[in-house]
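*Asks:* Dropping a structure here in structure tokens format, bear with me for questions.
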Amino acid sequence: MTHTHAPFRVDHVGSFLRPQELVKAREAFAEGKISQEELTAVEDRAIRDLVAKEVKAGLKSVTDGEFRRAYWHLDFFWGFQGIDHVQAAEGYHFHGETTKADSALIAGKISGEKHPFVQHYQFLRDLVANNDQVEAKYTIPAPAQFYFELIRDAEHVEKLNEIYPDFDQLREDIKTAYLQVIQDLVDAGLKTLQVDDCTWGVLVDDNFLSAWGAAQGKTKDQVREELANLFLTLNNDVYENVPTNLTVNTHVCRGNYHSTWASSGGYAPIAEELFEKEAVNAYFLEFDTERAGGFEPLAKVTPGKKVVLGLLTSKSGQLEDKEAVIARIKEASQYVPLENLYLSTQCGFASTEEGNILTEENQWEKIALISDIVKEVWGE
């Protein structure tokens, strides 16, 4: 390949709908009816099948569909030393639905050695080792997302302050733990890391910021500025210190659970921190509904950085109007040169194991439509 790492013109965020055999196996494992080895065997088969379908669909960047995870983010946090898998007081609130109450709670000093995701990546790597036309990318949640989970509610904050009374030490340990896992992934052969981050999606939502601020006697703008600077610091602590041969891309959205969403608002209020200052190569950005606002904030994207336009939705099986998508790509190219634009859905098809409300056939039709549009717009 002349172009060797994501983003590719036809791209995707990473998660795919779980096949029924895998869903049943995970349920059986949770009930103690099958062993870890038996579950892993089912996961392995499902991932082999998925990767074959990704390659057949023409994707140059393949993932394991996040098939070994229940959540896009929590499973990664549970892999750290010093983190417990607990049930929070309540689940995450989405528009009209609430998730299960799983959470990550600090239990001791955080460190990143022997993280299970490294072995998971190695399995994916080996599946495409003999195919020089594709790369295996891996997805993990952002450092800022990890911190956000650790302050999820009053119980989390109390426990965090007990273990880490000094924020600077917490910041250092988060950085060190992430860099340990990333170095282990790179040592295993990883070339492209995608860091998924919903914290920016929260900071564009005035309702959330107003509620957060009211509890602290601050305005929504004060809260946004404080958190934006904090999240940028936590992320860049890691992104600016990864191995030089690793490409780091990020994905930003406003929540994706069972075809629902969590937050609303355009990118303008956080464009400076996200698009100018975050040390990443490319942005996978939600743009499938009016909730994401217009393209104008893309003018802040540092020249040379790439933008993957999430113009097709993973929340529904209904196919977008091809000409309408092409028109929006042309509109976006007023702010970022066309050669630095790419195309995908706004998020994965199954950010949690429940998946969105569409069929497996639907998800591949979406990928095929992206491919058709790319041929027409870029001639690739």
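The values are calculated or read from the model by the stated rules, or taken from the named source; none is laboratory data. Just so we're clear, the structure is a prediction, and the values are computed from it rather than from any experiment. Positions of Cβ are generated from backbone atoms using ideal geometry, with glycine treated the same way; all protein chains shown enter the neighbour counts.
*Asks:* For the subset of the stretch 62-96 comprising residues that are farther than 24 Å from F146 by Cβ and under 21 Å from the mean Cα position of the chain (by Cα), which member is modelled with the lowest pLDDT? Walk me through it before giving the result.
*Replies:* Within the stretch 62-96, the subset farther than 24 Å from F146 by Cβ is 62, 95-96.
Filter once more, keeping what is under 21 Å from the mean Cα position of the chain (by Cα): 62, 95.
Working: V62: 98, H95: 60.
Here the residue is H95.
*Asks:* Do you know which residues across the stretch 8-24 are without any contact (Cβ under 8 Å) to a residue 60 or more places away in the chain and buried (at least 22 other Cβ atoms within 10 Å of the Cβ)? Let's see the steps before the verdict.
*Replies:* Restricting attention to the stretch 8-24, the residues satisfying the condition of being without any contact (Cβ under 8 Å) to a residue 60 or more places away in the chain are 20-22, 24.
Within the stretch 8-24, L22 is the sole residue that qualifies.
*Asks:* Look through I270, I182 and report the one residue that is closer than 24 Å to T313 by Cα, in contact (Cβ under 8 Å) with a residue 24 or more places away in the chain and assigned to a helix (DSSP H, G or I). Write out each step before concluding.
*Replies:* Details: I182 fails: closer than 24 Å to T313 by Cα.
Matching residue, one of I270, I182: I270.
*Asks:* So if I check each of K100, K159, K109, which one is at pLDDT 95 or above, out of contact with any His (no Cβ under 7 Å at 6 or more places or on another chain), surrounded by fewer than 22 Cβ atoms within 10 Å (Cβ to Cβ) and not in a helix (DSSP H, G or I)? If you could, list the steps in order and put the result at the bottom.
*Replies:* Details: K100 fails: at pLDDT 95 or above; K159 fails: not in a helix (DSSP H, G or I).
Within the list K100, K159, K109, the selection yields K109.
*Asks:* Hey, any hits in the stretch 27-50 for a residue that's of a type in the set (F, W, Y), surrounded by 15 or more Cβ atoms within 10 Å (Cβ to Cβ) and over 19 Å from the mean Cα position of the chain (by Cα)? Let's see the steps before the verdict.
*Replies:* Narrowing the stretch 27-50 to residues of a type in the set (F, W, Y): 29.
Going one step further and asking which of them are surrounded by 15 or more Cβ atoms within 10 Å (Cβ to Cβ), we end up with 29.
Those left that are additionally over 19 Å from the mean Cα position of the chain (by Cα): 29.
Checked the stretch 27-50: at least one residue is of a type in the set (F, W, Y), surrounded by 15 or more Cβ atoms within 10 Å (Cβ to Cβ) and over 19 Å from the mean Cα position of the chain (by Cα).
*Asks:* Please go through the stretch 340-379 and give me each residue that is part of a loop (DSSP other than H, G, I, E, B) and either without any contact (Cβ under 8 Å) to a residue 12 or more places away in the chain or crowded, with 17+ Cβ neighbours inside 10 Å (or both), ordered by number.
*Replies:* Initially, the stretch 340-379 is screened for residues part of a loop (DSSP other than H, G, I, E, B), giving 346-351, 353-359, 379.
Matches in the stretch 340-379: Q346, C347, G348, F349, A350, S351, E353, E354, G355, N356, L358, G379.
*Asks:* Follow-up question, since we're still on this one. I'd like the full set of residues that are at pLDDT 95 or above, among the charged types (D, E, K, R) and either under 30 Å from R171 (Cα atoms) or in a loop (DSSP other than H, G, I, E, B) (or both), limited to the stretch 127-143.
*Replies:* Answer for the stretch 127-143, where residues must be at pLDDT 95 or above, among the charged types (D, E, K, R) and either under 30 Å from R171 (Cα atoms) or in a loop (DSSP other than H, G, I, E, B) (or both): just K137.
*Asks:* Hey, could you check the stretch 246-272 for residues that are polar (S, T, N, Q) and at pLDDT 95 or above and say which is surrounded by the fewest Cβ atoms within 10 Å (Cβ to Cβ)?
*Replies:* The first filter runs over the stretch 246-272 and keeps only residues polar (S, T, N, Q), leaving 247, 249-250, 256, 259-260, 263-264.
Subsequent filtering for residues that are at pLDDT 95 or above retains 247, 249-250.
Details: T247: 19, N249: 24, T250: 22.
Step by step, filter the stretch 246-272, then rank; the result is T247.
*Asks:* Looking at Q122, Q133, which is the one that is within 22 Å of the chain's Cα centre (by Cα), surrounded by fewer than 17 Cβ atoms within 10 Å (Cβ to Cβ) and of a type outside the set (D, E)?
*Replies:* Details: Q133 fails: within 22 Å of the chain's Cα centre (by Cα).
Exactly one of Q122, Q133 is within 22 Å of the chain's Cα centre (by Cα), surrounded by fewer than 17 Cβ atoms within 10 Å (Cβ to Cβ) and of a type outside the set (D, E), namely Q122.
*Asks:* Let me spell it out: the conditions are (1) closer than 28 Å to V62 by Cα; (2) surrounded by 17 or more Cβ atoms within 10 Å (Cβ to Cβ), and E240 meets all of them except one. Which number is the exception?
*Replies:* Every listed condition holds for E240 apart from (2).
*Asks:* Pairs needed: first member in the stretch 28-45, at negative phi; second member anywhere, of a type in the set (K, R) and assigned to a loop (DSSP other than H, G, I, E, B); C-beta distance under 6 Å; at least 6 residues apart or different chains.
*Replies:* These pairs meet every condition: E43/R68.
*Asks:* Please go through the stretch 302-332 and pick out each residue that is within 24 Å of the chain's Cα centre (by Cα) and in a loop (DSSP other than H, G, I, E, B). So that I can check it myself, show each step before the final result.
*Replies:* Keep residues of the stretch 302-332 that are within 24 Å of the chain's Cα centre (by Cα), which gives 302-320, 325, 328-329, 332.
T302, P303, G304, K305, T313, S314, K315, S316, G317, Q318, L319, E320, listed by residue number.
*Asks:* Quick check, is T345 closer than 27 Å to K191 by Cα and not hydrophobic (A, V, I, L, M, F, W, C)? Break it down stepwise before answering.
*Replies:* Values: closer than 27 Å to K191 by Cα: yes; not hydrophobic (A, V, I, L, M, F, W, C): yes.
Against the criterion (closer than 27 Å to K191 by Cα and not hydrophobic (A, V, I, L, M, F, W, C)), T345 qualifies.
*Asks:* Those residues that are charged (D, E, K, R) and at pLDDT 95 or above, I need them from the stretch 285-313; list them, please.
*Replies:* Pass one, the stretch 285-313, residues charged (D, E, K, R): 286, 288, 290-291, 296, 300, 305-306.
Those that are charged (D, E, K, R) and at pLDDT 95 or above: E296, K300, K305, K306.
*Asks:* Let me ask something additional. Answer yes if at least one residue in the stretch 164-176 is of a type in the set (D, E), surrounded by 13 or more Cβ atoms within 10 Å (Cβ to Cβ) and at pLDDT 95 or above, and no otherwise. Spell out how you get there, then give the answer.
*Replies:* Of the residues in the stretch 164-176, the ones of a type in the set (D, E) are 166, 168, 172-173.
Filter once more, so that each one left must be surrounded by 13 or more Cβ atoms within 10 Å (Cβ to Cβ): 172-173.
Filter again for at pLDDT 95 or above, leaving 172-173.
For the stretch 164-176, residues of a type in the set (D, E), surrounded by 13 or more Cβ atoms within 10 Å (Cβ to Cβ) and at pLDDT 95 or above: present.
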